[in-house]
1. Given the condition buried (at least 16 other Cβ atoms within 10 Å of the Cβ), more than 30 Å from residue 39 (Cβ to Cβ) and out of contact with any helix residue (DSSP H, G or I) (no Cβ under 9 Å at 6 or more places or on another chain), answer yes or no: does some residue in the stretch 178-201 qualify?
2. All but one of (1) within 18 Å of residue 318 (Cα to Cα); (2) modelled with pLDDT of 85 or more hold for residue 184; state the number of the condition that does not hold.
3. Just give me the residues in the stretch 214-238 being more than 19 Å from the chain's Cα centre (by Cα) and within 18 Å of residue 283 (Cα to Cα), in sequence order.
4. State yes or no: is residue 164 part of a helix (DSSP H, G or I), modelled with pLDDT under 95 and more than 18 Å from residue 322 (Cα to Cα)?
5. Regarding the stretch 268-285, can at least one residue be identified that is surrounded by 23 or more Cβ atoms within 10 Å (Cβ to Cβ), in contact (Cβ under 8 Å) with a residue 60 or more places away in the chain and farther than 17 Å from residue 197 by Cβ?
6. Among the strands (runs of 3 or more DSSP E) confined wholly to the stretch 225-343, which include 2 or more residues that are under 17 Å from residue 209 (Cβ atoms) and at pLDDT 90 or above?
């Protein structure tokens, strides 16, 4: 059970571990539990040596803290993370003058700052995408209506069926382009209608739709955390978001392969510089050939697609919907498959600390 005197530490976005003068861990905050993959009840009482890779380095660190040889020390140290093995973390050790507490140890994954930067760049990209799609849509729709109208008038005046076939092509292609423009503008101009949404109901709907499109050879494996609470969101938009990604995955494996849908709870998550006690972690992974390396950094841009038959809007729309729900989406792709990881808040943000 957590010590009430340490409750304020749970509001911090970084992992904090407290150590006593014997080198034993006495507390870990919520972000630390999430990072280490262990509860405070399991960690408390263990020596630092038990959960770091280099016990001699741990002994030296404890001795230096006890001798007050430094006030703050920064180093990289390997820590045992549940389910992930030994991982090198940015470790900041601060000697403190508190009863029973020798030092506070702050842990960060090496890419923490890059992640924050990536989130900010992604948010800026989404805004640019929305502006581009809005402007492009309006620029296309106006002349497109004129082209279609002129083709209809011309069609009425043509004397032979053979000539009318050309105007029918113009009208048909104009309608196809109109449909594409409507898809581009849908997530930009539509406001969210939020209600309580069970993300597993959303994923089951998507699974059914995709399996009906690819009935032979496609497997969709579910790994759901049934303890997940409902989230506040727009059900139709979330279905569209997940469908775009899962359909892309099905096309990547050419309808013969495996897609994994995995949900988990993430705790003490920072999204767009706002802290949330709980967040949905949704992973959509396939065993396809991966996204071409040349476009991996650009897949969320409009009209960028690794599929020669695709229009390159599916992931742009998915990203927009995720951001409208306060979340982030990242992609990891190799020659053995692609994974999209989505984080979206469950509940409102925690109050900011002054």
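The values are calculated or read from the model by the stated rules, or taken from the named source; none is laboratory data. Quick caveat, the model's predicted, so the values are computed rather than measured. With ideal geometry, Cβ positions are generated from the backbone for all residues, glycine too; neighbour counts draw on all protein chains shown.
1. Checked the stretch 178-201: no residue is buried (at least 16 other Cβ atoms within 10 Å of the Cβ), more than 30 Å from residue 39 (Cβ to Cβ) and out of contact with any helix residue (DSSP H, G or I) (no Cβ under 9 Å at 6 or more places or on another chain).
2. Exception for residue 184: condition (2).
3. Matches in the stretch 214-238: 218, 219, 220, 221, 226, 227.
4. yes
5. Yes, the stretch 268-285 contains a residue that is surrounded by 23 or more Cβ atoms within 10 Å (Cβ to Cβ), in contact (Cβ under 8 Å) with a residue 60 or more places away in the chain and farther than 17 Å from residue 197 by Cβ.
6. Numbers: elements: 231-233, 257-271, 274-286, 328-334.
Output list reads 257-271, 274-286.
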